[in-house]
Amino acid sequence: TRRILTLLEGTLAPDGTLPMFGTAARSKVDELSDLYALAAVIFNEPRWKNLAGKFGILPYLVLGERGKLQFETLTEKSWDSGSRAISELALVRLDAGNRSWLTVNARPAAAQQDHQDFLSYELYVEGLRVVVDSGPYSPEGEVWSRYFSSAQAHNVLLIDGTSPRAASTESQP
């Protein structure tokens, strides 16, 4: 559990939001606050208290008044996302300070029909999301579904206009 939470923490942007990669991208700080409040108390991690920001109803239901008191008494420790390369998640974040950063998704799609966001990126300048992965695409069979699931519909690096190839277990030349 600690390893999973640490990996999740590594994916967070410096403002505590998740990058908007994938087919159902959402990015709300509150969605993770209960999880990190629970983890802060259970693992005695002050930096996760900072990520949680509050002790919500779910942690209260699980840990009760005693857990709430423990959360409140954890020392304040600022959370610094910093630059990271997370090989398990194929995610790279470069933090430029001044509330500016770049996050790159380096995980190839498993098949050509998968959501094509390999090498898609998000760029933040002074805390403003400037460039984002285009996110969800229309359901299979709709007119735009082929386009929105293609690399051309995303903020990805294309070399000579060529889309990334699907990942394969076979070696390629």
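The values are calculated or read from the model by the stated rules, or taken from the named source; none is laboratory data. In this text, all values refer to a predicted model and were calculated from it rather than measured experimentally. We place every Cβ from the backbone using ideal geometry, glycine too, and count neighbours over all the protein chains shown.
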Only residues in the range 23-43 that are surrounded by 17 or more Cβ atoms within 10 Å (Cβ to Cβ) and at pLDDT 85 or above count as the first member; pair them with residues that are assigned to a loop (DSSP other than H, G, I, E, B) and β-branched (Val, Ile, Thr), Cβ under 9 angstrom, at least 6 apart or cross-chain, and list the lot. 39/1; 42/1
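Okay, residues lined up against (1) assigned to a helix (DSSP H, G or I); (2) modelled with pLDDT under 80; (3) more than 19 Å from residue 47 (Cβ to Cβ):
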site	(1), (2), (3)
58	yes, no, yes
65	yes, no, yes
95	no, no, no
102	no, no, yes
116	no, yes, yes
135	no, yes, yes
138	no, yes, yes
Which condition number does residue 78 fail, the rest of (1) hydroxyl-bearing (Ser, Thr, Tyr); (2) modelled with pLDDT of 90 or more; (3) touching a Lys or Arg at 6+ places or on another chain (Cβ under 9 Å) being met? (2)
